[in-house]
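The values are calculated or read from the model by the stated rules, or taken from the named source; none is laboratory data. This structure is a prediction, so every number in the text was calculated from the model and none was measured. Here the Cβ positions follow ideal geometry from the backbone for every residue, glycine too, while neighbour counts run over all protein chains shown. In case anyone asks, the SASA skips ligands and DNA or RNA and just uses the protein heavy atoms, side chains included. Shrake-Rupley method; radii C 1.70, N 1.55, O 1.52, S 1.80 Å.
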Amino acid sequence: MQKDNNNLHVAIIMDGNGRWAKKRLMPRTFGHSVGSETFVKVVDTCNESGLEYLTVYALSTENWNRSGDEIGGLMKIMHAYIAKYVPELNKKNIRLKLYGDLSRFDDKSREKLLESQKLLENNTGMTLGICLSYGGRNEIKQAFEAMLAAGVTEVSVETISNY
């Protein structure tokens, strides 16, 4: 846990659900389904404990390289989660912030994600951040593209950090 400006913030990398299922001779999507149930419990526990910020790293850019069946299963879980749990988040006064590149999602998924964020944006309780389609390599690439577009000719750690 990090204490910064008197605000408590916990970040969790959601990883290993597929491997967990595989070790149990189950499909990887079964692990993702069990992981989503654990995610709900973690959100509820953090909220009840008075945590101010919870951020989960849910889907990296590298995860898009998985099989079409696995990505489809993840999207099915996400849609079911939105339908069932977003109204509960609203009742619990939890705000949602989405981070990452949502352009990789199909129109329906992106629309449901953004609608969820909009519905919960004025809530004043815990802030739940969900990182989707994020990745360090992609962020570095985007920084260099922005630097090139801005005509930057000198590269330094500070310049990269600014972009």
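Computed quantities for the displayed model
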read-out	value
Among the listed pairs Lys76/Lys112; Lys23/Lys84; Lys22/Lys108; Lys118/Lys141; Lys22/Lys76; Lys23/Lys97, those beyond 22 Å (Cα-Cα)	Lys23/Lys84; Lys22/Lys108; Lys118/Lys141; Lys23/Lys97
Kirkwood Rh, angstrom, the chain [1 / mean 1/r, Cα pairs]	17.5 Å
Modelled FRET efficiency - R0 41 Å, Asn122 with Met75, Cβ distances, 0.05 increments	0.90
1.4 Å probe accessible area per residue over the range 90-163, in Å²	65 Å²
Surface accessible to a 1.4 Å probe, Tyr57 within the full protein complex, Å²	80 Å²
Ranked by how many other beta carbons lie within 10 Å on average, peptides 49-55, 154-160 from highest	49-55, 154-160
Rel. contact order, % - alpha carbon contacts under 8 angstrom, at least six apart, the chain	24 percent
Virtual spin-label span in nm between Ile13 and Val34, 7 Å along Cα→Cβ	2.1 nm
